[in-house]
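Only the coordinates and a few stated rules stand behind these numbers; no lab work does. These numbers come from a predicted model, not from an experiment. Here the Cβ positions follow ideal geometry from the backbone for every residue, glycine too, while neighbour counts run over all protein chains shown.
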Amino acid sequence: MRHPGFLPAQQHCSPRLIMAGMYCLNDLLQLVEVEGAEELRLEPGKAPLMLVRGQPRALDLPALTGDNVAELFHSFAGKEPLEELRRCGSIHFNHAFQSSARFAVTASLERESLSVKMRYLGR
């Protein structure tokens with residue numbers, strides 16, 4: 001699904017925004033809000049996926065690489081969450097982004113592959 005006004009990072013995202021490859025985290029999170037999605041999922045080998053009214057909706061974008069997912073997560077997770085993730089294999093925390101949107105973040109490492117779920121909590 002491509003949303004009007006949602007462009008890959010190299011076409012739209014300001015350099016000071018959170019980017020990984022062609023993905024701009026700010027654009028992805030804004031799309032979650034605009035579409036009324038409950039959750040954004042970032043997994044290697046798959047396009048970013050939103051849950052809208054409980055139904056999965058893959059975005060019409062190329063599949064994320066493991067590096068894309070790691071770069072997006074590292075761009076907003078502080079030192080302590082990164083250390084706990086390495087130590088325990090999974091982590092859960094809440095995070096407020098620049099737009100003031102709040103998300104419950106769940107990240108897990110399985111066989112060196114990082115997956116991230118970001119549940120929208122509102123503003």
Quiz item: Considering segment 41-76 alone, what residues qualify as being over 20 Å from residue 111 (Cβ atoms) and in contact (Cβ under 8 Å) with a residue 40 or more places away in the chain?
Solution: 57, 58, 59, 60, 61, 62, 75, 76
Quiz item: Looking at (1) in a strand (DSSP E or B); (2) touching a Gly at 6+ places or on another chain (Cβ under 9 Å), which is the one condition that is false for residue 71?
Solution: (1)
Quiz item: Within segment 90-104, can one find any residue that is surrounded by fewer than 12 Cβ atoms within 10 Å (Cβ to Cβ), more than 15 Å from residue 26 (Cβ to Cβ) and without any contact (Cβ under 8 Å) to a residue 60 or more places away in the chain?
Solution: yes
Quiz item: Say we look at segment 66-123 and pick out the residues that are in contact with a Pro (Cβ under 8 Å, 6 or more places away or on another chain) and among the polar types (S, T, N, Q); which of these is farthest from residue 52 (Cα to Cα)?
Solution: 113
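Can you spot a residue in segment 54-67 that is outside any helix (DSSP H, G or I) and farther than 21 Å from residue 24 by Cα? Quick ask: steps written out before the conclusion?
Initial filter on segment 54-67 (outside any helix (DSSP H, G or I)): 54-65.
Of the ones still in play, those that are also farther than 21 Å from residue 24 by Cα are 54-55.
Within segment 54-67, one or more residues are outside any helix (DSSP H, G or I) and farther than 21 Å from residue 24 by Cα.
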